1. Step by step: first the residues of segment 25-66, then only those that are of a type in the set (Gly, Ala, Ser), within 30 Å of the chain's Cα centre (by Cα) and farther than 16 Å from Tyr9 by Cβ, then the one that is least open to solvent (accessible area, probe 1.4 Å). Which residue is that?
2. Please enumerate the residues belonging to segment 169-192 that are farther than 18 Å from His246 by Cα and touching a Gly at 6+ places or on another chain (Cβ under 6 Å).
3. I'd like to verify a number: residues in segment 171-194 that are under 20 Å from Ala81 (Cα atoms) and open to solvent by 30 Å² or more (accessible area, probe 1.4 Å), how many?
4. Go through (1) assigned to a helix (DSSP H, G or I); (2) modelled with pLDDT of 90 or more for Ser24 and report which single condition fails.
5. Output the residues belonging to segment 124-155 that are more than 20 Å from Ser225 (Cα to Cα), assigned to a strand (DSSP E or B) and charged (D, E, K, R).
6. Can you pull out every residue in segment 202-250 that is open to solvent by 60 Å² or more (accessible area, probe 1.4 Å), part of a loop (DSSP other than H, G, I, E, B) and β-branched (Val, Ile, Thr)?
7. Can Gly199 be described as open to solvent by less than 50 Å² (accessible area, probe 1.4 Å), closer than 25 Å to Tyr70 by Cα and small (Gly, Ala, Ser)?
Amino acid sequence: MTFGEQPAYLRVAGDLRKKIVDGSLPPHTRLPSQARIREEYGVSDTVALEARKVLMAEGLVEGRSGSGTYVRERPDPRRIARSGYRPAGGATPFRQEQADGEARGTWESSSEQVEAGVAVAERLAIRPGDRVMRTKYVFREAGEAMMLSTSWEPLAVTGRTPVMLPEEGPLGGMGVVERMAAIDVVVDNVTEEVGARPGLAEELLALGGVPGHVVLVVQRTYYASGRPVETADLVIPADRYQVAYHLPVK
């Protein structure tokens with residue numbers, strides 16, 4: 001192999017990928033067998049197998065037990081809004097989108113008091129083991145899971161207040177800014193860091209993905225005078241959704 005030349009398995013995967021993208025191998029078509037790939041490209045069984053693994057890891061194909069490997073349907077990515085604008089009603093970005101009469105979004109949540117682990121404690125500037133309220137969400141669109149979220153709020157801030165449970169009480173379901181304002185905590189800054197990684201098994205099970213699929217992770221933290229008062233991880237399937245930001249100009 002000369003300098004700069006791709007390994008054989010990547011060249012084979014690249015050619016098959018091109019056929020999938022241009023429609024030569026349309027969705028639900030059976031991918032050529034390992035033996036066919038070996039013969040067509042003049043490569044070894046190992047190279048053919050590795051090329052198929054690449055396409056599977058990219059989410060372009062999926063294995064069907066006892067049947068073979070098939071080209072997956074490639075949905076047009078849909079939008080998930082992240083907004084710097086806040087309406088008078090104080091709804092979260094997801095709830096803003098669902099205000100559209102054509103939207104069919106639902107969500108479910110569960111909250112429990114837990115001890116902060118090292119990573120969460122660092123994000124909230126508290127000590128590991130301090131009590132936090134952890135709330136887990138599953139957001140759905142037309143019944144399909146579209147986003148997972150886990151948030152943590154220090155009970156040193158919200159404990160024994162009407163907003164201790166994010167989805168219950170007089171301000172249940174409102175945004176963090178509005179809930180904190182009700183207990184005289186003024187949120188004045190929010191940060192969001194966006195990254196990508198392979199989805200965890202339990203995440204992909206909930207989101208309807210397959211092993212190897214990539215998810216977007218939005219790590220969000222709200223601050224009041226420099227003090228973190230809420231942090232959350234939002235997990236979104238990267239092959240089905242795009243994160244769209246609408247930020248105010250100052």
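1. Filtering segment 25-66 for residues that are of a type in the set (Gly, Ala, Ser), within 30 Å of the chain's Cα centre (by Cα) and farther than 16 Å from Tyr9 by Cβ, the one least open to solvent (accessible area, probe 1.4 Å) comes out as Gly59.
2. Met174, Glu178
3. Residues flagged as under 20 Å from Ala81 (Cα atoms) and open to solvent by 30 Å² or more (accessible area, probe 1.4 Å) within segment 171-194 amount to 9.
4. Going through (1) assigned to a helix (DSSP H, G or I); (2) modelled with pLDDT of 90 or more one by one, Ser24 breaks only (1).
5. Arg131, Arg134, Lys136, Arg140, Glu141, Glu144
6. Hit for segment 202-250 is Val249, nothing else.
7. Yes, satisfied.
The values are calculated or read from the model by the stated rules, or taken from the named source; none is laboratory data. Computed from a predicted structure; not experimentally measured. In this analysis, Cβ positions are derived from the backbone assuming ideal geometry, glycine residues included, and neighbour counts consider all displayed protein chains. The protein model used for the area step is the full one, side chains on, heavy atoms only, and it has no ligands, DNA or RNA in it. Shrake-Rupley method; radii C 1.70, N 1.55, O 1.52, S 1.80 Å.
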